[in-house]
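Down below is the structure, laid out as structure tokens.
Quick note: the coordinates plus some simple rules give every number you see, no bench work behind them. Just so it is clear, the structure is predicted and the values come from calculations on it, not from any experiment. Virtual Cβ from ideal backbone geometry, glycine too; neighbours counted across all protein chains shown.
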Amino acid sequence: MKREVFVWSQTTHPNLHPLLGYRSQPRPRLISPWCRHGNLTHYLRNNPGLSRLDKLRLIFQAACGLEHLHAQSPPICHADIKPENVLVSDYFHAALSDFGLSRVLEGFGRPSGFTTSERIKGTLNYMAGELFTAENPRATLETDVYAFGGLILTVMSGKTPFQGLRESAVLFRITNDQPPHMEDHQGLPHSDPLWGLMRRCWTMTPEARPPMQEVLREVSPSMNSITDPDSDGEFCRCSFGVPFLRKSLISTPEASCPPSLAMMAPVLQTWMSMQVLALLIRGA
């Protein structure tokens, strides 16, 4: 739990679900804002009529959160990317959550002290092959990208990767370079350009997978090519700069809270950092 508190408290972004605090008694609990729409799986199930643009907005927002983690110094690996770990706010903004398996990486992928020595964990249908075949398997930025390809497929087609297969069959497919088949996901047309992006995310060679910056660039033109009658035509930038994205596609603090609360954000962040430091010192 200390690792999750540390990682979560160090990450502030509109598309990362915020940590408000914690309690240690009677049982340790982390406190974050309530999202009445639940996670992305629940939201998609309860809203089967979502348009392609609405789905792409959610994908883009989740991608912005993950790209922000990867862009940190040292970078942060989420390690359990899946729709269940993306929450949808009351304002219909997607944000990554659940940093229980996250890892802070140092140079060349070496883990920092806030990592786990336990056997690799995750969600099978979203896990890359090297997590099962490598001599010393560890979650990396590349395994996050692999999982994000599965998230794209689930959101756009309505079916999870390898849905309906036994665990042994899923494991065989993952470790033998047999990614999800188009025929099993009729909800996403074969001609959709997202298939090409997902295949690159699923390649067996981790170094050949696109970084999250590239994933964002691939997803963004898809959204931009669709006419949105509600768009104001304005543009925004993600952390690395995607100037052709409309402001309505990314959540902003100003859009979701009163100005008085937005002005308090730096103070609250400093207070949270001090509380986390105190927690770590007490547990040392």
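Net length available on complete extension from Glu214 to Glu183 is 8.5 nm, with 0.36 nm assigned per residue and the Cα-Cα distance removed.
Sorting Arg200, Arg209 from the fewest to the most surrounding beta carbons within 10 angstrom yields Arg200, Arg209. Label sites at Glu167 and Phe132, each approximated as a point 7 angstrom past Cα along Cα to Cβ, lie 1.1 nm apart. Peptides 48-57, 79-88, 152-161 ranked from most to least packed give 79-88, 152-161, 48-57, packing being the mean of other C-beta atoms within 10 angstrom over each peptide's residues. Counting other Cβ atoms within 10 Å as a rough exposure proxy, the listed residues Val145, Val170 run Val170, Val145 from fewest neighbours to most.
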